[in-house]
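Please read the structure below before turning to the comments.
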Amino acid sequence: TYGHDATFTTAALSPAVETGAATEVGATTATLHATVNGHGEETTVTFEYGETAGYGHTIAGVPATLTAAADAAVSATLTGLEPETMYHYRATARNAGGETVGEDVAFTTAALPQDPGHRILLPLIQR
């Protein structure tokens, strides 16, 4: 004889997060990258960034929400950055299983392009 049927629920897994390298780094812009696996749970992704590892700013990832049980590329484009400044960032993902914070990564914005100035060329007149 068999016992009574029983049901159980497995706990959700927290997301896996890998912060990637920044690309398209200019004087005032940069694109942040991460790889996130929400393990089939609805997972929200953000990036924290700032001039120190204390961050201070948050931007939503694109896509901001994942549902697949596979690695997915997530990015965010920053604008309004200061030229020639080091920025720290990390990806953060949260789902029913908890929150996972990616490793800290840093990049330095480029210098502003130099203004070559304007020159006026006048013809040489001989007398």
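The values are calculated or read from the model by the stated rules, or taken from the named source; none is laboratory data. It should be emphasised that the depicted structure is a prediction, and the values quoted were computed from it without experimental measurement. Neighbour counts are summed over all protein chains in view; Cβ atoms, including those assigned to glycine, are modelled from backbone coordinates with ideal geometry. Heads up: the accessible areas ignore ligands, DNA and RNA and are worked out on the full protein's heavy atoms, side chains in. Shrake-Rupley method; radii C 1.70, N 1.55, O 1.52, S 1.80 Å.
Quick check on this structure: which one of 28, 58, 43, 65 is among the β-branched types (Val, Ile, Thr) and in contact with a Lys or Arg (Cβ under 9 Å, 6 or more places away or on another chain)?
None of the other options fit; the residue is 43.
Pick from segment 65-82 the residues that are β-branched (Val, Ile, Thr) and under 15 Å from residue 19 (Cα atoms): which of them is surrounded by the fewest Cβ atoms within 10 Å (Cβ to Cβ)?
Looking at residues that are β-branched (Val, Ile, Thr) and under 15 Å from residue 19 (Cα atoms), I get 77.
Give just the number: which of (1) part of a loop (DSSP other than H, G, I, E, B); (2) open to solvent by less than 40 Å² (accessible area, probe 1.4 Å) does residue 100 not satisfy?
Against the list (1) part of a loop (DSSP other than H, G, I, E, B); (2) open to solvent by less than 40 Å² (accessible area, probe 1.4 Å), residue 100 comes up short only on (1).
Out of segment 29-63, which residues are in contact (Cβ under 8 Å) with a residue 40 or more places away in the chain and of a type in the set (Val, Ile, Thr)?
Scanning segment 29-63 gives 29, 31, 36, 43, 44, 45, 46.
Check whether at least one residue in segment 83-94 is loosely packed, with under 12 Cβ neighbours inside 10 Å and in a loop (DSSP other than H, G, I, E, B), and report yes or no.
yes
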